[in-house]
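The block underneath contains the structure these notes are about, expressed in structure tokens.
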Amino acid sequence: MKLKLFLASVLTFVGMTVQGQTPVGDWKGTLDIPQANLKLELIFHITGEDNNLKTTMDVPMQGATDVPVEKTTFEDGRLSLSVAAIQFSYSGTLAGDSIVGEVEQMGLKLPLTLRRFSASLPGNTALPSTPEELRALEAWDKGTYKYKVEDYFAKPKASSFQLSPNGRYLSYKEKDEAGKQHVYVKELSTGVVRRAIEEKEELIKGYGWINDERLFYSMDRGGNENYHIYVANIDGSNSRDLTPFDGVRASIDRILKDQKDIMIISMNKNNPQIFEPYRLNVVTGELTLLYENKDAANPIQEYEFDKDGELRGYSRLVNGVESELYYKDRSTGLFSLVRKMRWDDTFSLLSFNYASANKDEAYVLTNIDSDKTRIVLYDFAKNQIVREVFAHDDYDVSSLHLSRKRNYELDYVAYEGDKSVLVPLSATFKDLHERMQKEFPGKEVAVVDYDDNETTFLIIVHSDRIVGTYYQYDAGTKKFSLLYDLMPQLHEEDMAEMRPITFRSRDGLTIHGYITLPKAALNGEKVPLIVNPHGGPQGIRDSWGFNPETQLFASRGYATLQVNFRISGGYGKEFLRAGFKQIGRKAMDDVEDGVRYAISQGWVDSDRIAIYGASHGGYATLMGLVKTPDLYACGVDYVGVSNIYTFFDSFPEYWKPYKELVKEIWYDLDNPEEAAIAKEVSPVFQIDKIKKPLFVVQGANDPRVNINESDQIVTALRTRGFEVPYMVKYNEGHGFHREENSMELYRAMLGFFAKHLKH
């Protein structure tokens with residue numbers, strides 16, 4: 001029996017009830033389908049009065065939510081939910097908080113027991129602004145503009161192009177008229193296209209090739225970040241959830257090229273706070289635990305598997321703030337400690353050196369005895385550096401690439417300065433890199449995929465004014481051919497320049513960042529400014545390239561400032577550490593110094609400056625309005641922290657082992673002196689200092705910044721008489737991913753900025 005039959009069907013219940021009982025409420029049960037080797041959870045939400053009932057259904061395994069039920073009746077104690085086109089029935093008896101019965105379809109009978117449970121929306125549902133209030137806010141963005149919000153934030157018609165390992169197939173996401181992004185597979189020799197993965201209610205958050213016959217994809221539910229790993233054949237058959245566990249977060253550690261049906265994954269299945277590695281057969285679904293993460297107080301953070309799927313090492317977090325790296329002796333099979341360091345020191349195994357006869361040799365990213373991370377070749381058996389591979393004086397080195405076809409020759413290393421930089425090392429990649437630079441001068445060019453034989457490459461070309469254009473490169477003919485322009489509606493000549501900037505902080509640090517300037521600013525006019533602090537904050541940075549937010553703002557005449565303040569990543573260990581216990585303080589000073597630098601350059605009207613950010617950037621928005629109330633005219637807080645105390649208390653389970661580490665980055669609330677500082681830099685306790693208008697945005701299912709953070713600040717300000725627009729989406733988490741929600745957000749944001757910066 002095909003799974004689709006169950007997913008498309010709406011069940012029919014015929015149940016006898018005890019006098020006075022009502023089916024109104026939330027019900028769930030698990031349908032065991034042995035013929036499909038499947039357990040399918042079904043959830044029903046019944047609302048209304050007994051003579052006017054409405055029902056929706058969720059099928060979490062398939063990412064389906066709020067599926068409408070065509071007909072709901074309840075007469076003489078009998079409940080029926082049905083869709084006329086499906087001959088599918090369930091008969092059962094309603095007794096208290098259970099319905100016990102049996103499904104029947106096409107001669108097949110299956111038991112199903114439904115149990116009543118409580119399903120409620122997160123947060124205070126009375127707080128969000130009404131749709132009418134948000135549309136009124138949108139209306140403030142008046143004017144005739146060449147580009148609309150949709151031009152920047154509608155998802156491309158096609159995207160996420162990838163090649164199959166053998167190079168015979170090209171896969172990609174394609175958007176249908178309903179906005180769903182399905183995954184298609186095109187056979188390059190024949191041009192035949194088939195849909196491999198259907199996107200339903202939940203978004204496909206990522207996908208890729210396992211082997212030449214099978215794809216993986218990942219989904220969560222409503223943005224809760226408990227990702228499940230799904231697989232499907234390239235013709236769309238045999239689609240299934242390989243990690244169908246409630247409340248569990250799964251991720252792919254390694255796809256084994258030489259074992260085509262096997263991947264290594266990690267899950268927090270046995271303990272929600274810690275992750276363990278599993279061997280997963282993508283055909284049978286068989287899971288095998290490879291190593292137990294037994295010590296929850298000192299958990300293993302990362303597992304080091306080689307290309308054959310053998311566990312060669314692991315790193316453990318000890319006492320919350322130290323890291324230990326263990327390596328396996330190949331002769332004894334025992335793991336021994338090879339390196340102990342602070343949590344913020346780096347000693348990361350990038351790849352074993354498979355080109356060497358020495359199987360204990362590996363490329364390592366480290367800053368143990370340097371400020372900037374660099375790449376070294378390391379002998380783990382001797383526990384010593386073999387040679388230095390690459391370092392940069394000013395920036396952290398980030399990665400390398402090896403060629404599997406050419407016996408794992410080192411092709412290039414990469415780092416990010418003002419822009420991303422690839423340093424070609426092999427003769428083969430030097431030739432390709434030179435050809436890419438010659439073909440696309442002045443643009444950033446990156447290899448996004450290639451087949452195993454390295455005959456066909458997918459190249460993406462982009463810049464600060466180009467979203468991205470895919471090209472196909474034939475290694476035999478040395479020719480580039482256009483594959484797809486992601487956003488042809490946006491013309492390069494109309495887009496704004498994103499300019500790298502450097503300035504000195506008030507205490508002498510060199511700070512880097514970017515300013516995106518509309519044409520009016522380039523012509524000498526002082527324009528309104530939107531200050532956009534990044535999230536994280538630790539180890540994250542803003543980067544040069546096309547940014548739909550800053551381009552949208554520029555289209556409305558706003559400049560955008562992005563500052564890589566102290567604690568940002570990429571600038572060395574000391575710059576990172578300079579921001580520890582300075583969140584809301586010196587990190588904010590750096591942002592303010594960036595604003596004053598922009599004003600000094602003559603670009604900005606100092607009376608028309610807004611601040612807007614997401615996550616830590618949302619927190620920085622609130623702190624900007626608290627700390628420098630005269631600097632900003634308004635602010636937009638998007639999934640931002642408002643109360644450091646409740647933020648710490650609401651950590652998801654898998655963050656809790658890192659609480660001591662977070663205390664070193666933010667503040668130690670068990671230390672009275674630091675607890676007092678944390679209160680001073682928690683915006684919710686400084687409400688009286690906020691004088692300027694605020695717009696708050698939140699995803700209800702956010703596991704990182706709980707909706708309570710936004711509810712608190714909205715409640716506190718409204719209690720003081722502030723009008724605070726508040727947008728909440730109940731099918732989103734840490735940021736909006738659904739196209740319709742993103743466009744609604746930016747329309748309202750443009751209206752908010754127009755109201756307070758232009759009128």
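The values are calculated or read from the model by the stated rules, or taken from the named source; none is laboratory data. Note that the structure is a prediction, hence the values are computed from the model and not measured. FYI the Cβ positions are ideal-geometry reconstructions off the backbone, even for glycines, and counts take in every protein chain you see.
A compact table of results
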| item | result |
| --- | --- |
| Residue that is surrounded by the most Cβ atoms within 10 Å (Cβ to Cβ), among those in the range 139-161 that are touching a Phe, Trp or Tyr at 6+ places or on another chain (Cβ under 9 Å) and more than 25 Å from Ile460 (Cβ to Cβ) | Asp141 |
| From the options Glu388, Glu361, residue that is surrounded by 18 or more Cβ atoms within 10 Å (Cβ to Cβ) and of a type outside the set (Phe, Trp, Tyr) | Glu361 |
| Residue ranges of helices (runs of 4 or more DSSP H) in the range 555-663 with at least 2 members within 22 Å of Pro500 (Cα to Cα) | 573-577, 586-600, 616-627 |
| Residue within the range 160-167 that is touching a residue at least 40 places away in the same chain (Cβ under 8 Å), within 30 Å of Val728 (Cα to Cα) and not assigned by TED's automatic domain parsing to the domain that holds Ile33 present | yes |
| Test: residue in the range 170-186 that is on the phi < 0 side of the Ramachandran plot and part of a helix (DSSP H, G or I) | no |
| Condition broken by Thr190, with the remaining ones in (1) closer than 30 Å to Val448 by Cβ; (2) surrounded by 17 or more Cβ atoms within 10 Å (Cβ to Cβ); (3) not small (Gly, Ala, Ser) satisfied | (2) |
| Subset of the range 367-412 (residues that are farther than 16 Å from Thr346 by Cα, of a type outside the set (Phe, Trp, Tyr) and in contact with a helix residue (DSSP H, G or I) (Cβ under 6 Å, 6 or more places away or on another chain)) | Asp411 |
| Any hit, the range 666-688, residues being in contact with a helix residue (DSSP H, G or I) (Cβ under 7 Å, 6 or more places away or on another chain), more than 30 Å from Val248 (Cα to Cα), modelled with pLDDT of 95 or more and assigned to a loop (DSSP other than H, G, I, E, B) | yes |
| Residue that is surrounded by the fewest Cβ atoms within 10 Å (Cβ to Cβ), among those in the range 554-571 that are over 14 Å from Ala610 (Cα atoms) and of a type in the set (Gly, Ala, Ser) | Gly569 |
| Count of residues meeting criterion [under 15 Å from Gln35 (Cα atoms) and in a loop (DSSP other than H, G, I, E, B)] in the range 99-119 | 2 |
| Boolean, Val714 is buried (at least 20 other Cβ atoms within 10 Å of the Cβ), in a strand (DSSP E or B), on the phi < 0 side of the Ramachandran plot and of a type in the set (A, V, I, L, M) | no |
| Test: residue in the range 583-593 that is surrounded by 22 or more Cβ atoms within 10 Å (Cβ to Cβ) and touching a strand residue (DSSP E or B) at 6+ places or on another chain (Cβ under 8 Å) | yes |
| Residue ranges of strands (runs of 3 or more DSSP E) in the range 424-490 with at least 2 members under 21 Å from Tyr412 (Cα atoms) | 444-450, 456-462, 469-474 |
| Output for the range 25-42, where each listed residue is buried (at least 16 other Cβ atoms within 10 Å of the Cβ) and either over 21 Å from Ser239 (Cα atoms) or modelled with pLDDT under 75 (or both) | Asp26, Trp27, Lys28, Gly29, Leu38 |
| Matching residues, the range 340-363, being closer than 18 Å to Arg406 by Cβ and of a type in the set (Phe, Trp, Tyr) | Phe352, Tyr354, Tyr363 |
| Residue in the range 390-404 that is assigned to a strand (DSSP E or B), closer than 25 Å to Phe275 by Cα and in contact with a Gly (Cβ under 8 Å, 6 or more places away or on another chain) present | yes |
| Segments classed as strands (runs of 3 or more DSSP E), wholly inside the range 240-346, with at least 1 members that are within 23 Å of the chain's Cα centre (by Cα) | 250-255, 262-267, 276-281, 300-305 |
| Residue check, Leu482 within 31 Å of the chain's Cα centre (by Cα), buried (at least 18 other Cβ atoms within 10 Å of the Cβ) and not acidic (Asp, Glu) | no |
| Total residues in the range 98-133, condition over 16 Å from Asn731 (Cα atoms), free of Cβ contacts under 8 Å to residues at least 60 places away in the same chain and among the small types (Gly, Ala, Ser) | 3 |
